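Asker: Take this structure first; my questions come after.
The values are calculated or read from the model by the stated rules, or taken from the named source; none is laboratory data. Worth saying up front: this structure is predicted, and the values here are computed from it rather than measured. In this analysis, Cβ positions are derived from the backbone assuming ideal geometry, glycine residues included, and neighbour counts consider all displayed protein chains. Surface accessibility is based on the protein's heavy atoms, side chains included, excluding ligands, DNA and RNA. Shrake-Rupley method; radii C 1.70, N 1.55, O 1.52, S 1.80 Å.
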Amino acid sequence: MRPDSLGPEPPDILPRSPHKTYGLMALVRGTSPLVDATPEDAVSTWPHLLLRGLICALVCLSALLAAAMLFDAPLHDPASAAETPDPAKAPWYLLGLQELVHYSAFIGGVLAPGLSLAGLVMLPYLDRSHARRPRDRRTGICLFTLFLLANLVLILIGAWFRGPGWSWTTPWSANTPGGRP
Amino acid sequence: MAIQDLKPEPENTSRRDLFATAGWAVLSASIAGVCGAFVRFLSSNTVPEALSVSLIGRPDEYPVGSATFLEEHRVYLLRDARGFRALSAVCTHLGCTVVKDAARHGFRCPCHGSRFNEQGEPVVGPARRALAWHPVALSRDGRLQIDRGRAIGAGHYLALDRR
Amino acid sequence: MPSAEPGWIQRLARGRVWRSIFRGEPPGTARGNAQAVFQNLWLHFLPVKVRPHTLRFTYTFYLGGIAFLLFLVLAATGVALMFYYVPSVERAYHSIKDLQFVVSFGPLLRNLHRWSAHAMVVVVVLHMARVYYTASYKAPREFNWVVGVMLLLLTLGFSFTGMLLPWDQAGFWAATVGTGIVGCLPVVGKEVRLLLLGGDSVGQNALLRFYVLHCMALPLAMASLTATHFWRIRKDGGLSLPPSQESMASEERVP
Ligand code: HEM
Ligand code: FES
């Protein structure tokens, strides 16, 4: 029986069937049965994602354009097999490799990069835990950060601490030319 | 058509499997063949190379005690009391051009800092092998001739005085 | 809110020409917004709706999108440079000099191409780091990580092959040393080096090979892998959610 607190019977929009335990209670405007949320709490791609993408693209393009107007891409002397520049610095993203190769061509040039690459490719298959919160994956985060830092340190060594003949030097000493971009 | 007709018979299944396997095998083999042929296509049968034997002038152009860098050949021509020798300037590490190290009587490489002694043997750095010695000979008209296509053991001099 | 007096945009959008190009309702309504995405060839790989969380700048930093933008910039400026560049050892260096000093907007295009290339290496690495730190490589996204690693390799391949093209000292020696390293690979090293150089040393054949790789083979590979990458994002249930919202996302979802 209907308790009194619910007030008077609603008007019969659809007649209630005596065989059912449910019935239409009310009609409301909306796109979802959830309160204050569209289905799955989603927004439409246009304009929400695409406009953000456009703004991001415009900002990046302006930055690129500014860089391209301010700084000229380098062009060195014409290639000549007779003379290797000293120091012959690779572009910055290869300086880490150059530093490794300076110790050994095979270990530094093949083994170390090969193992890093294999590790990167297999990473999702090696780390099979479902933990996603940072505090549950401290080891992984530490290892990965170390990996990134190691690369960065090698690059910085190559860029700033290597001079003619790939010998040690410091960025503030006179014989350190800048790394070749 | 009854539904059963569509179900493969057991014997049929294995025969079909066989055909399917054979089909896939032939297809994969053909694709592998095409890839192999393409790799073979890319790997040139002729390699552009300058003539390896070159005439480099008369012996008296190179005084005793001199070390001359023959730029277009990437070779050092050295003359001392024992005679002439030609030392490749191509670093045995990864191929940069070594320079004469005046201070240390040897050669050093700008790329990763390898150093070689006067005989071309590696002293410091990543290079493990010695710089190549190329044969030096006298041509019939009395000019010096080097052959960059061949490497000979260390210690082979062209001695002029003995003849 | 429909305004009484339709502006020029509305009038344009109601015109026959406009409607012959863009079918469907104009954006603004839920259905129009949806159609703007799924009836557009270039956008239809995107879902019609996305979770607001994935729009947050501090979750993705839009790094993948920026990497893609840089690739587009590189493709456009690269095609422009190809109109002047000649891949021959006699002329390559001079064609770059021409671009630098003779061609209108030549320096701008070359600088754009060069700095975008550098930026792309940085951005792709940062994108990889973001994917790692948000644990977005975990099931069901393992394979997209692998695709990503291949994209990283391609990015580096572009840089390596492009560096030789100006035929200056920096590129020549980087290519010499780089192919020297390739020669150190066990078993196949010598053969792969020969394949790359088309000879014993960096010369005309090597320049031509690097050119074909840089302007044809690598772009094709990059385009197909990028398409795979984007398609997989969608098939893996859209971008990953932070752990706090994860329960809402079913791992098996295929929108
Ligand atoms: C050319 C290089 C690449 C391009 C253009 C690219 C593009 C994108 C884009 C646009 C997204 C959407 C989310 C975002 O913007 O962050 C994304 C997501 C993703 N990327 Fe990349 N990416 C590249 C390289 C990589 C690399 C190097 C990796 C990892 C090794 C990677 C792994 C992933 C994964 C796993 C996702 C899904 C992330 C999630 O669900 O949160 N991608 N990529
Ligand atoms: S190439 Fe000479 S030290 Fe590496």
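Asker: Based on what the data block shows, is residue A:74 buried (at least 20 other Cβ atoms within 10 Å of the Cβ) and assigned to a loop (DSSP other than H, G, I, E, B)?
Answerer: No, not satisfied.
Asker: Sticking with this one: Do you know which residues across region B:127-144 are out of contact with any helix residue (DSSP H, G or I) (no Cβ under 8 Å at 6 or more places or on another chain), in a strand (DSSP E or B) and crowded, with 17+ Cβ neighbours inside 10 Å?
Answerer: B:133, B:134, B:136
Asker: Can you name every one of the helices (runs of 4 or more DSSP H) wholly within region A:81-181 that holds 1 or more residues which are touching a strand residue (DSSP E or B) at 6+ places or on another chain (Cβ under 9 Å) and closer than 20 Å to residue C:176 by Cα?
Answerer: A:92-103
Asker: To continue, here is another question. Given the condition within 13 Å of another protein chain (Cβ to nearest Cβ) and modelled with pLDDT under 90, answer yes or no: does some residue in region B:73-81 qualify?
Answerer: Scanning region B:73-81 turns up at least one residue that is within 13 Å of another protein chain (Cβ to nearest Cβ) and modelled with pLDDT under 90.
Asker: Sticking with this one: Please count how many residues of region B:88-122 are over 15 Å from the mean Cα position of the chain (by Cα), part of a strand (DSSP E or B) and among the hydrophobic types (A, V, I, L, M, F, W, C).
Answerer: The total comes to 3.
Asker: Within region C:67-82, identify whether any single residue is within 10 Å of chain A (Cβ to nearest Cβ) and not hydrophobic (A, V, I, L, M, F, W, C), and answer yes or no.
Answerer: As a first pass, look at region C:67-82 and keep what is within 10 Å of chain A (Cβ to nearest Cβ): C:68-70, C:72-73, C:77.
Next, from what is left, pick out any that are not hydrophobic (A, V, I, L, M, F, W, C): C:77.
Within region C:67-82 (the criterion being within 10 Å of chain A (Cβ to nearest Cβ) and not hydrophobic (A, V, I, L, M, F, W, C)), the answer is yes, since at least one residue qualifies.
Asker: Within region B:33-67, can you find the residues that are part of a strand (DSSP E or B) and either in contact with a helix residue (DSSP H, G or I) (Cβ under 8 Å, 6 or more places away or on another chain) or among the hydrophobic types (A, V, I, L, M, F, W, C) (or both)?
Answerer: B:53, B:54, B:55, B:56, B:67
Asker: Oh, and also: Would you confirm whether or not region C:91-106 contains a residue that is free of Cβ contacts under 8 Å to residues at least 12 places away in the same chain and closer than 30 Å to residue A:135 by Cβ?
Answerer: no
Asker: Same structure, new question: Only one of (1) modelled with pLDDT of 95 or more; (2) within 16 Å of ligand 1 (Cβ to nearest atom); (3) not polar (S, T, N, Q) is not met by residue C:93, so which one is it?
Answerer: Tallying (1) modelled with pLDDT of 95 or more; (2) within 16 Å of ligand 1 (Cβ to nearest atom); (3) not polar (S, T, N, Q), residue C:93 fails exactly one: (2).
Asker: Next question, about the same structure. Looking at (1) modelled with pLDDT of 95 or more; (2) open to solvent by 60 Å² or more (accessible area, probe 1.4 Å), which one does residue C:244 not meet, given that it meets all the others?
Answerer: (1)
Asker: Follow-up. Taking residue A:23, is it more than 30 Å from residue A:89 (Cα to Cα), modelled with pLDDT of 70 or more and surrounded by 11 or more Cβ atoms within 10 Å (Cβ to Cβ)? Full working, then the answer.
Answerer: On the way: more than 30 Å from residue A:89 (Cα to Cα): yes; modelled with pLDDT of 70 or more: no; surrounded by 11 or more Cβ atoms within 10 Å (Cβ to Cβ): yes.
When the stated conditions are applied, residue A:23 does not pass them.
Asker: Scan region C:1-49 for residues that are part of a helix (DSSP H, G or I) and open to solvent by less than 70 Å² (accessible area, probe 1.4 Å) and report the count.
Answerer: Number satisfying all stated conditions: 7.
Asker: Name every residue in region A:108-139 that is open to solvent by less than 40 Å² (accessible area, probe 1.4 Å), facing chain C (nearest Cβ under 8 Å) and modelled with pLDDT of 95 or more, in order of residue number.
Answerer: Listed by number, the residues that qualify are A:120, A:123, A:124.
Asker: Determine whether residue A:118 is under 25 Å from residue A:71 (Cα atoms) and among the small types (Gly, Ala, Ser).
Answerer: no
Asker: Condition first: of a type in the set (S, T, N, Q), over 20 Å from residue A:80 (Cβ atoms) and either more than 16 Å from ligand 1 (Cβ to nearest atom) or open to solvent by 40 Å² or more (accessible area, probe 1.4 Å) (or both). Now tell me which residues in region C:172-227 satisfy that. Write out each step before concluding.
Answerer: Going through region C:172-227, the residues of a type in the set (S, T, N, Q) turn out to be C:176, C:179, C:201, C:204-205, C:224, C:226.
Checking which are over 20 Å from residue A:80 (Cβ atoms) leaves us with C:224, C:226.
Once the filter is applied, which keeps residues that are of a type in the set (S, T, N, Q), over 20 Å from residue A:80 (Cβ atoms) and either more than 16 Å from ligand 1 (Cβ to nearest atom) or open to solvent by 40 Å² or more (accessible area, probe 1.4 Å) (or both), region C:172-227 yields only C:224.
Asker: Go through region C:91-100 and report how many residues are open to solvent by 30 Å² or more (accessible area, probe 1.4 Å) and within 10 Å of chain A (Cβ to nearest Cβ).
Answerer: Just the residues of region C:91-100 that are open to solvent by 30 Å² or more (accessible area, probe 1.4 Å), to begin with: C:91, C:94, C:97-98.
Next cut, within 10 Å of chain A (Cβ to nearest Cβ) only: C:94, C:97.
Final tally of qualifying residues: 2.
Asker: Of everything in region C:96-140, what is β-branched (Val, Ile, Thr) and either within 11 Å of ligand 1 (Cβ to nearest atom) or within 16 Å of residue A:73 (Cα to Cα) (or both)? Give them in sequence order. Before the answer, list the steps.
Answerer: Applying the first criterion (β-branched (Val, Ile, Thr)) to region C:96-140 yields C:96, C:102-103, C:121-125, C:131, C:134.
Within region C:96-140, C:96, C:102, C:103, C:121, C:123, C:124, C:125, C:131, C:134 qualify.
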